[in-house]
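Just below is one structure, and these are the notes that go with it.
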């Protein structure tokens, strides 16, 4: 029985331009939801902060908190993280948001439109700054070149315990698909590489590595 509480983020964020347009990405939320379900299946309490997705949760031990923007996700994560034993940051948070939101629909014209963007907060890095020694923090990375090197730099910079690396170079892995292929790294380097398989199966691998990491840290789980 996994007598722990975990924060999990999933899905994309939508950064509004006007009432009908937004900046977003192709994240389906499937990987984050699969991890949340696996943790709950093992007996953990899960707080799932989800961006705009159509997936439904199945396990009653999952508290779902719906958000739209990166700022909203940032706020909810900081509200829940201090009472959690760990956080798994699966959401594909938009890196940028429009500087200005137009309260009315922007009209089409033949002129070139320039959209000013500013950075969104780095939620995983901000949690890494306040993480306690008894908490585990897991990040996700999606790279297209020099994958493992870039993932390791992110792990170190954001004070993560583990980082799960996806690659767009793998067919039927990542956004939109039901399957995935991942590499997991800790401070020592690569500790696990999966084959291409269902995200529900990948979730088992990731959760096992999280449990193993916490077991090695405290000596008893």
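Here are some notes:
Here's the yes/no breakdown for (1) surrounded by 22 or more Cβ atoms within 10 Å (Cβ to Cβ); (2) closer than 19 Å to residue 122 by Cβ; (3) within 15 Å of the chain's Cα centre (by Cα):
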| position | (1), (2), (3) |
| --- | --- |
| 34 | yes, no, yes |
| 67 | no, yes, yes |
| 79 | no, yes, no |
| 91 | yes, yes, yes |
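- Single condition residue 25 does not satisfy, out of (1) in contact with a strand residue (DSSP E or B) (Cβ under 6 Å, 6 or more places away or on another chain); (2) surrounded by fewer than 22 Cβ atoms within 10 Å (Cβ to Cβ); (3) at pLDDT 95 or above: (3)
- First in segment 157-180 and at pLDDT below 95, second anywhere and in a loop (DSSP other than H, G, I, E, B) and exposed (fewer than 14 other Cβ atoms within 10 Å of the Cβ), Cβ under 6 Å, 6 or more apart: 168/144; 174/168; 175/26; 176/26; 179/172
Yes/no matrix, rows are residues, columns are (1) at pLDDT below 95; (2) within 16 Å of the chain's Cα centre (by Cα):
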residue	(1), (2)
100	no, no
106	yes, no
114	yes, no
121	no, yes
131	no, no
146	yes, no
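- Among the residues of segment 34-83, those that are in a helix (DSSP H, G or I), more than 23 Å from residue 198 (Cα to Cα) and touching a helix residue (DSSP H, G or I) at 6+ places or on another chain (Cβ under 9 Å) comprise 70, 73, 74, 77, 78, 81, 82.
- Yes/no for residue 6 being under 14 Å from the mean Cα position of the chain (by Cα), within 23 Å of residue 124 (Cβ to Cβ) and assigned to a loop (DSSP other than H, G, I, E, B): no
- Residues of segment 12-24 that turn out to be within 14 Å of the chain's Cα centre (by Cα) and more than 18 Å from residue 78 (Cβ to Cβ), as a count: 1
- Matching residues in segment 8-22 - criterion: being surrounded by fewer than 24 Cβ atoms within 10 Å (Cβ to Cβ) and either out of contact with any strand residue (DSSP E or B) (no Cβ under 7 Å at 6 or more places or on another chain) or at pLDDT below 95 (or both): 18, 19, 20, 21
- Screening residue 31 on (1) out of contact with any strand residue (DSSP E or B) (no Cβ under 7 Å at 6 or more places or on another chain); (2) part of a helix (DSSP H, G or I) shows it passes everything except condition (1).
The values are calculated or read from the model by the stated rules, or taken from the named source; none is laboratory data. Keep in mind the model is a prediction, meaning the values are calculated, not measured. No Cβ is skipped: glycine too gets one built from the backbone with ideal geometry, and neighbour counts run over all protein chains shown.
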